[in-house]
Every structure is written in C-alpha cells, then in structure tokens.
Protein chains: 2
Amino acid sequence: MIQRPRGTRDFGPEEMEVRRHFEDMMRKEAALHGFREVATPIFEHTELFTLKSGPGVVEEIYAFQDKGGREICLRPELTASVMRFFISDLTNLPRPLKLFYFGQCFRYERPQAGRYREFFQFGAEIIGSPTPETDAEAIGLAAAILERTGLRDYRIRIGHIGILREMLARAGVSGDAALPILQRLDKKEYPEAEALMAQAGMGREAIDGVIATTQVTGPITVLDGVQGPAGAYIREVYDILQAMGFSNLSVDLGVVRGLAYYTGMVFEVDAPKLGAEKQICGGGSYSLSELFGGEKVFSTGFAIGFDRTLLAIQAEGVEFVRPGITAYVVPVTDSARMRAFQVVGMLRRAGVSADVDIMRRGVGKSLRYASSINAKYAVIVGEKELESDSVTLRDMASGEQSLVRAEELPKRLKE
Amino acid sequence: MIQRPRGTRDFGPEEMEVRRHFEDMMRKEAALHGFREVATPIFEHTELFTLKSGPGVVEEIYAFQDKGGREICLRPELTASVMRFFISDLTNLPRPLKLFYFGQCFRYERPQAGRYREFFQFGAEIIGSPTPETDAEAIGLAAAILERTGLRDYRIRIGHIGILREMLARAGVSGDAALPILQRLDKKEYPEAEALMAQAGMGREAIDGVIATTQVTGPITVLDGVQGPAGAYIREVYDILQAMGFSNLSVDLGVVRGLAYYTGMVFEVDAPKLGAEKQICGGGSYSLSELFGGEKVFSTGFAIGFDRTLLAIQAEGVEFVRPGITAYVVPVTDSARMRAFQVVGMLRRAGVSADVDIMRRGVGKSLRYASSINAKYAVIVGEKELESDSVTLRDMASGEQSLVRAEELPKRLKE
C-alpha cells in the first residue's frame, strides 16, 4: 500500500465540505471588502525566498533543482509571490491595489499537531497606500473574516515595530544590527536579546526600557505612557477599527515579527484554545518590492493560517450544517430504469441536487443507501408511477409518501 | 527582477474572477449530481505514478528527492492520488462512492500554447459499481458541466477499449503484448501500429479489421455493424445519456486511451476551435486500486482540462458578467473620515460589498478611483451629511445623486 507523503493530508468528503465552506466564506468576505483574488504558481525560483528571508530559509523549505538545473522550491508563503507578480505585471493598476489569495504552502519541518508540511493560507495585501486607514483596512478584513466564521475566543493584538526600532536607534543600535535583537524579542527569548543588546554597547537602562516596552499589552489606554509618533499611529488605527465596529482589539508592543522588511504597524491574532500553536493570523505594513527589483511601495498585508483557524473553530464547537442531497431516485423495476434517468436529468437541470441508483439494487437497499448519503427525499419510480406519469415522493425523515406528477417534481423539491 | 518559473502562470484579478466563476460552476454541478469533493497533497511518492504509468513517466514529471532522501514528485494527475486515498481511508464508505476533485497538476515538458507546466484539472471518479449506468453517470457529469459553461462547439465521443482488445485477442495478441499496439492506435500512428501487429504474427485481414474499427465514428447507428457485447454496452450507455437529456454524443471506436488500466468504456471530448490541443476531457472505466495494493474495484472516471476548457469558452466568446463592487465610500472632509469607516463597516456587515477611500484623496480623485474599480454607487459623506445623519448616494453610471438616511443605506443598496 502506498502511503501519502509524511506531513501531508488527504481530505475526505466530510472534511472538504467544512473546508470549502470556510474557504468560500473568507473569499466572499474579502470581496465584500473590495479585495480581488490573485493566484501564483505552487513553485517559485528559490531566490525569491532567500532574498526575502535570507539564505537560511532553504533549510526549511522544499527546495530542489528542476531538470533544467534551475533552483526551484515549493512556496513557503505567498506574500513574496504576490509582490513578484505585482512588480512584473500589476504596477499599472489603479492604487490602492487590494489583493487576496488562498492556497497551499509548504515547509520541510518535523510534522506535529497543527503544523503540516503542506498547509493552507488565506492572505491579503494592500499595495500603494501608506496611511493608518490602510493598516486598519487590512486588520479589518482579518477581523471581519474571523468574526464571520463564528469564532469567539481570539484577540487581535496590534503593535508597531517602529517603537522598538526607535528605542534601539536612540541607544545607538540601528539597521542590520537591530535585526537579530528584534528576532530574539519576537521569540520572547529575553536573556538572548539582552545579551545581544549588551554586546551592541547598550546600557542597563536602555536594555530594561526595551524589554519593558515589549511587555506593554492591554487595552488602548496602555499607550498613554508611550511617547512619539508610533503610539499616536496605533491609536489612529485602533480608532478606525472601532468605527468599523470591531472589538476584540488590544495593544501589544511585544508583537515584533522578526523580519527585516516590516516597517510599521504589526499585528497578530491568537486563539488561546489551540495551546502552543495558537497564532492563527499575523501581518503588518512592509516594504518588499524594492528587494525584488521593483520601485519602493508601501504595503500592508496579513496571512491567516487556514488549518489552525479550522482547528480553533472545531475546538469551540461552531455548528456546521452539511449540505446533503435533495433527491435520490429509485427505479423499482428494470422497465422503470430509463424513466429514473429522465427524472434525475430533469431535476439536475432545474438545479435540484439529485442522485440515482446505478447499481441495480432493490428498493430496500436503495433506500438504505439514500439514508447513508443524507438524501432528503427518495423519488420512487415503478410501474404504477410510469402509467400515471408520476413518481412517489418519500420524505426520508418522516417516511411519509405521496404521489407527485413528474413535471411538478422540480418545483416541489425546490421549496 | 525575479521571473515566474517557466511554463507557469500568475493570474490577475480579472482572470481569477473568470476562473473562480467556472471552478465554482463545476463544483456546484458535481454536487447537483451527488458527487462529493476530496483533496490530496500537491506532491506524492513518485512510485504512485511509476506503478500506474510505467517508469518512463519520471522523465515527464517534476520528480525530486526531499531532504529525507524520499523520491517525491509534483502530481501529474489526480486519479492515482484519489485511488491511493480510497485504498487507505475510504473503503468503508457506502458504495457507489462518487468523488470529485479540483486542483493543480504538473508536468515537465516544453511549454507551448494550451500546455503549461502547472495546469488545473477538474475530475470525478465513481468507485465500486460496474454497470453501464455508472459509465453514463460519469459521462453525464462531464456533459452537464460542459453544457452549464455555455460552450457549444464540442462533441462527446464514446468508445470501448474491449472491442479492440477482443479483436487483438482473437488474432492471438493479448495482455501485455496488446498494450504497445493500443498506444500507437491511441496516437493515430497507424503505420507503427500495423508494423507491431505484423510483428506479433497477425495476418493482413486481422490488421485491416483493427485499423478499420478504429475509424468507426459517427452517430449511434454506426454500431449496427459491430458484433459482440461491447457494442451492446455502448448502446446502453448512450441510451441512458439520451434519457438524461444529453445530445452532442457520438460513437468513436478510435478512442483508445493507451494505458493498461482502462477496462471498458472510454470517452473523450474535443473542442475543435482549439486546433491541435483540442481535447478538453477524457476518461473511462478502469481498474487501478489493485495496482496500489488494494482490492480490485470497478471504477469510472474522467478529467476535464480546466485551462483548455476556459480557452474554448473564450474562443466562443461566452459572456461573463464581472461582479464589481456595490459601494465606494468617500469622506469629503477629514472630520467625516471616521463616519465613512462606520458606514463602510455597516454596509459590509449587511452583506453589501463596499470599499472606502484609504488614501485621503479629494472627492474628484476618489470618484475616478470608484469608476476604475467598477463601483456601482459612490456614497459621499460630508459636513452636510454628518449633520443630518445621512449620506449622498451617487449612481456611478447615471451621475444621479440623492440624500439617503444612513440607516436605510444597506436596504437601499441590497435592492
């Protein structure tokens, strides 16, 4: 027996119903917000991701050579691909450009609960606008999607990478030297971060100030003690989100996102029920296109981990109604068989979901199969029905039966 | 500037609207027919495809070693993956099992018009039922999908691999020896097929009979001259499809599909407007699961080439109405900005697609942007409107404006 590759999943019919339901919900919400979908290839030149995240990323991704000797890899995320696409083909579209995507991503790492080698991301990018409104609009889509799923136990934590960068710069640490410190802070590795700051020549007070700042979390009032333009900026983003009707918001200056291209607002969403792998969304404003050879453009984006969000939804027991099928058509005799196919063809054309016996089973077995596929009605076609151009409609839940003229069946089943 | 990998495509907003529209249409049609979706990983163990198609297939696919030394590849098609999944997890589900899938596939070959290295397939499989009804039900889904797309110029050609196999067997050529001959016949390479048949010891008359049979095409009446059970079988499939209301059907005994696991009915659909790469769908009944270590089960399936089908739809100029967006909200002054975000939040919650100025543009520029994104209405919020708790609603096509109470806006825009 051949196994599926390690760390990947197959999705059966029940699971796919749930997945497509929430995928469609996210897509519809994005469209409601004026975002439009784009798609890029499953694999990319590896260079795209080493430019964005450094050469170390190759260790964590599915990188290989194709038959032409090109270094390619399965995409580990989609922002880089969208920016590549933007630079090569979309720079002439009116701005702001509001894009979203949904698709598989891949990473080569030890599989564990909530972490797969093939996983799914929904994400969005707003390209070409540098205002707090832009950042609020991005967070607003993430918030609206989570709200729409019915999830309740989550919190949107908003920070600003500029606050820590500014503090480090004032203490004499800027640019590339700041990055490893920010990465340690992102991972809450405080002793390592402190050591790096000391090594960079920062004094005790400055170091303590940075550490204390990363621990500023809570309602918007925690910003009262924060000086400078970044604090005012977060406040503005926060106010717009409130105007749009979102709650579940808090400030968290410990949101760092340890990648060099983040420039200002950063945010994350946790679903605490998930335990260690609780982050279901992350994003911020960034400047990436110039890394790939494009002009410098302001962007804000985020990605939602689709798999983890589904886990969080399940953990909360959010209800999901399965679609099932409306009618299962059962020919009673061989002579009724062709008539059964006429009926099923007519129902489907009329937009009524319908299935039909294709295994020449008896009526009893057919009705059991109809139950097993959650059919709402059985449509029984026998000699009696053939003569009167009718069918027997059986409500599968109540067992009630009635004779219905065939031509009236689609209308009757659409009710 | 980093390029997308050769032979792959990026899809922009306009193209994705079309693609998702037709993808959803196919998915809905499959659900109407009682098929349920499954999904499998983008990559598989390479062995899955060498078992199915022979070791030569490695030359044509994206095969590589992962970091653990496993031979994996990007899937070139999805039937093998679905059967692998069936064997490992789905054998206990009630039968017939009617499954469908939609996703990317990959092959490493020289890119050319209508052939990409990353391409999309929609497909379906019916597992566990060996009747003509089963084959008709599979062809019926393909036919219904093509009908639903609005495509007009295509023909469904139905054959039966058993007819040629039987003729070859009667002439003393069976099993593995028959396969290379069938493969040549599949590619219409008649001189090569004739040479192979002669080499296998077949006489002139038997060879001519085989060649003549592959050229039997036309309406159902061409079967009148065909002996044996296979001819009667096709007739039955044909009759059921007619009962379900499908036309565009013909018989073509030249449909061979040169793979060892096809067992009976085979069919193809061409869209002649596409020229050389005109085949948009192909399938048949097959027996594959025992190759992968499962029990022997009857199956019928097909795949529709999604990209080529879209090309055919475009070539026929099938109309497509773009969704656009309902409302673009424009704050006239800075003090109206928060109110604009309240309005856009309210509209989106009510299910009205709405966007809002996030670039602090003037009214004229904002209205031009609203035009460029195909907004149906502009919703203008200024000082006058703030005072009366109203907005100015502007029909973007006619330019007509009217004052509307804010709370009535969602209802008004949902009409």
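Positive-end ranking of A:Met202, A:Ser299, A:Gly317 along the dipole of the protein assembly as shown, with charges on Cβ about the Cα centre, is headed by A:Gly317. Sorted shortest first, the distances from the A:Gly68 label point to those of the same residue in the other copies are 3.1 nm; each point sits 7 Å from Cα along Cα-to-Cβ. Lys-Lys pairs in the stretch A:13-315 that are eight or more residues apart or on separate chains and whose Cα atoms lie under 23 Å of each other come to 10.
Can you sort A:Ile358, B:Ile156 from fewest to most other Cβ atoms within 10 Å of each residue's own Cβ?
Numbers: A:Ile358 25, B:Ile156 21.
Placing the least packed residue first, the sequence is B:Ile156, A:Ile358.
Using the Kirkwood formula on the Cα atoms of the stretch A:13-315, what hydrodynamic radius do you get, in angstrom to one decimal? Its Kirkwood hydrodynamic radius stands at 20.1 Å. The charge dipole of the stretch A:13-315, taken about its Cα centre with unit charges on the Cβ atoms of Lys, Arg (+1), Asp and Glu (-1) only, comes to about 160 debye.
Sorted fewest first by neighbouring Cβ atoms within 10 angstrom, B:His33, B:His45 come out as B:His45, B:His33.
Rounded, prolate or oblate: which fits the stretch A:51-180, taking a ≥ b ≥ c as square roots of the Cα gyration tensor eigenvalues, rounded meaning a/c under 1.5, else prolate when a/b beats b/c? In terms of gyration-tensor shape, rounded.
For the stretch A:258-387, what class follows from the C-alpha gyration tensor (a ≥ b ≥ c being the square roots of its eigenvalues): rounded when a/c is under 1.5, otherwise prolate if a/b is larger than b/c, else oblate?
Prolate, because a/c is 1.5 or more and a/b exceeds b/c.
Each Cα pair under 8 Å and six or more residues apart adds its sequence gap; the mean of these over the residue count of the stretch A:3-129 is a relative contact order of 28 percent. Among A:Leu74, A:Leu32, A:Leu347, the residue with the largest mean-square fluctuation in a Gaussian network model of chain A, with springs joining Cα atoms closer than 10 Å, is A:Leu347. Working note: Karplus 6.51/-1.76/1.60 with θ = phi - 60° gives the stretch A:270-281 the couplings 10, 10, x, 4, 7, x, 4, 9, 8, 6, 10, 7 Hz, where Gly and Pro are set to x. Other residues within the sphere of radius under 14 Å centred on the Cβ of A:Glu387, judged by their own Cβ, net out at 0 (K and R +1, D and E -1).
Computed on the Cα atoms alone, the convex hull of the stretch B:1-107 gives a volume of 137 cubic angstrom per residue. Think of each Lys and Arg Cβ as +1 and each Asp and Glu Cβ as -1; about the Cα centre, that makes the dipole of the protein assembly as shown roughly 240 debye. Less than 5 angstrom separates the built amide H of A:Val356 from those of A:Val329, all sequence-distant by 5 or more or on a different chain. When +1 charges are put on Lys and Arg Cβ atoms and -1 charges on Asp and Glu Cβ atoms, the dipole computed for the stretch B:325-414 relative to its Cα centre reaches about 300 debye. Amide H contacts under 5 Å for B:Tyr62: B:Leu74, B:Tyr108, restricted to partners 5 or more places along the chain or on a different chain, H placed in the peptide plane at 1.01 Å from N.
Cα centroids of the stretch B:8-27 and the stretch A:82-138: 17 Å apart. Based on alpha-carbon atoms, the Kirkwood radius and the radius of gyration of the stretch A:105-172 give Rg/Rh equal to 1.08.
Restricting to the stretch A:13-315, what percent of DSSP beta bridges are antiparallel, rounded to 5? Roughly 90 percent of the beta bridges in the stretch A:13-315 run antiparallel, per DSSP.
Report, for B:Gly209, each distance to the same residue's label point in the other copies, shortest first and in nm; define the point 7 Å along Cα→Cβ. Distances between equivalent label points, in nm: 9.7.
According to the square roots a ≥ b ≥ c of the eigenvalues of the Cα gyration tensor, what is the shape class of the stretch A:233-307, taking rounded for a/c under 1.5, prolate for a/b larger than b/c otherwise, and oblate for the remainder? Because a/c hits 1.5 or more and a/b fails to exceed b/c, the stretch A:233-307 counts as oblate. Comparing the stretch A:166-206 with the 2.2 N^0.38 Å rule of thumb, its C-alpha radius of gyration ratio is 1.01 (two decimals). Between the stretch A:238-279 and the stretch A:326-383, what is the C-alpha centre distance in whole Å? Here the two parts' Cα centres lie 52 Å apart.
By the helix-only formula, in which each DSSP H run with n ≥ 4 contributes -39500 (n - 2.57) and the sum is divided by residues, chain A has a 222 nm mean residue ellipticity of -11000 deg cm²/dmol.
For B:Val332, nonlocal amide neighbours, meaning residues 5 or more places apart or on other chains whose placed amide H falls under 5 Å from its own, are B:Val381, B:Gly382. Per the Cα gyration tensor, the stretch B:325-414 maps to an equivalent ellipsoid with semi-axes of 16, 15, 13 Å, ordered largest to smallest. Over all directions, the projected convex hull of the C-alpha atoms in the protein assembly as shown averages 38.8 nm² in area. As a length-normalised measure over Cα pairs under 8 Å and 6 or more apart, the relative contact order of the stretch B:199-302 settles at 19 percent. Considering only B:Ala315, B:Ala124, B:Ala230, the mean-square fluctuation computed in a Gaussian network model of chain B, springs between alpha carbons under 10 angstrom, is largest for B:Ala315. Summary value for chain B: 15 percent relative contact order, contacts being C-alpha pairs under 8 angstrom separated by 6+ residues.
Other residues with beta-carbon under 13 Å from the beta-carbon of A:Lys414 carry, at +1 per Lys or Arg and -1 per Asp or Glu, a net charge of +3.
Read-outs: derived from the displayed coordinates by stated rules, not from any lab. Source: prediction; values computed, not measured. Virtual Cβ from ideal backbone geometry, glycine too; neighbours counted across all protein chains shown.
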